[in-house]
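No value in this document is a laboratory result; all are computed from the given coordinates. If you're wondering where the values come from, they're calculated on a predicted model, not measured in any experiment. Note that each Cβ is placed from the backbone with ideal geometry, even for glycine, and that neighbours are counted across all protein chains shown.
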Amino acid sequence: MTDQPRQALRFLWLYALAAAGGAVAYVPFLTILLPVRMSELSGAEDVEPLAYAAFAGAIAASLANIAFGGLSDRTGSRRGWILGGLALSSILLVSVRTTDDIAALIALIVLWQLALNMMLAPLAAWAGDLVPDAQKGFLGGLLAFAPAAGALAGAVVTWPGLADADGRLVLVVAMAAAMVLPVLLVGRPVPMPQLMVPVPASTRTDRPRSLVARMWMARLLVQLSEAALFAYLLYWFRSIDASVTDSDTARIFSLVLVAAVPFSLLAGRWSDRVDRPILPLAVTAAVASLGLVLMALAETREAAIGGYILFGLVASIFLALHSAQTLRVLPRPQTRGRDLGFFNLTNTTPSLIMPWLTLSLVPGFGFDALFTVLAALALLASLLLATARTRG
């Protein structure tokens with residue numbers, strides 16, 4: 001491992017900043033600014049149109065991520081797509097305030113998702129082009145900054161008195177651009193031609209197909225739990241203690257994301273040093289299952305918060321490291337962007353599945369039943385990875 005060429009730390013840190021900028025580009029809008037705008041246009045009847053917008057946006061994001069990942073493969077260049085997607089998505093985002101009815105807003109969201117994924121898909125694939133396997137654990141640790149940055153950006157743009165509704169959209173665009181542009185302009189990555197050697201479809205690789213499938217399924221299973229907690233955390237806290245506020249929930253959520261960063265970096269560096277890329281994923285999925293069990297059993301506010309902190313912390317570590325190690329298992333560099341688009345379905349599909357799973361369990365059996373099912377799914381994810389063959 002020591003004889004392999006290594007990517008410059010300058011590029012790795014700037015890439016992590018860009019990945020965080022990608023999160024800033026959509027997290028504050030989807031979680032805060034879009035619901036506010038939807039309420040302005042539809043009044044109290046905002047839940048249904050917001051659901052339609054989320055559904056249409058998820059479908060557009062899924063398809064666009066595959067398409068633009070594939071297009072960046074074909075052109076052999078990532079930078080231009082990233083820059084173009086940043087510019088177009090920024091223009092469309094600040095145009096949200098010009099919409100004056102629900103249909104126009106949903107149409108604009110679909111276009112924005114297409115442009116956003118013109119940036120995000122090539123950006124994700126670019127790491128596979130330039131970061132060798134010996135540094136992918138560290139890369140995974142760095143990627144933990146992204147969700148934390150998205151959450152913190154939401155707190156910044158909604159700071160009382162800082163900006164009006166129009167100004168908040170401009171702030172999101174400005175922050176995202178300031179974080180993404182440096183790696184494009186001054187990143188100066190070390191070329192890694194060995195990571196770009198085409199592998200014919202008929203060629204057998206040393207990475208079994210079953211490992212790719214296991215990695216895909218394991219992420220989907222853990223993301224189902226993440227999606228559930230993202231959407232229903234406040235409702236669950238209030239079912240245990242009605243005094244819990246949305247501000248309390250936001251602080252806990254942000255604390256978990258920020259705390260995950262140093263732990264992700266430590267776990268990633270360890271996996272690089274001992275060349276055990278899959279083991280931290282199996283362990284964190286198992287501990288996530290334990291956290292969900294504790295949440296299912298919680299009867300007090302303190303127990304609920306403790307269970308969630310355990311789950312949220314290890315799930316965040318899992319997702320960050322998984323994003324980097326996925327680049328290790330994909331077998332063909334010439335289709336890396338497209339293949340990552342298919343992996344991205346594990347991020348978008350849960351938002352389509354979770355409402356139905358929640359409605360089938362919570363009204364009749366309570367949140368403890370939902371968390372028990374999700375704990376079983378996280379445990380299955382751990383078993384899939386713990387029993388995977390990492391060599392052909």
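Within the chain, which whole H helices from DSSP have a Cα span along their axis of at least 20 Å and a mean Kyte-Doolittle hydropathy of -1.0 or more, if any?
9-24, 47-75, 79-94, 102-130, 165-186, 209-240, 246-274, 279-297, 301-329, 336-365, 367-386
Translational D (Stokes-Einstein, µm²/s) of the chain at 10 °C and 1.306 mPa s when Rh comes from the Kirkwood sum over C-alpha pairs? So the translational diffusion coefficient is about 74 µm²/s. Residue-normalised convex hull volume from the C-alpha trace of the range 209-386: 110 Å³ per residue.
Of the residues S243, S89, S316, the one that moves most in a GNM of the chain with alpha-carbon contacts below 10 Å is S243.
Where in the chain is the longest stretch that carries no trypsin sites (Lys or Arg not before Pro) classed as loop by DSSP and with at most 12 other Cβ atoms within 10 Å? That gives 1-203 as the longest site-free run.
Counting neighbouring Cβ atoms within 10 Å and putting the fewest first, the residues F237, F263 line up as F263, F237. Using C-alpha pairs under 8 Å with a sequence gap of at least 6, the mean separation divided by the residue count of the chain gives a relative contact order of 29 percent.
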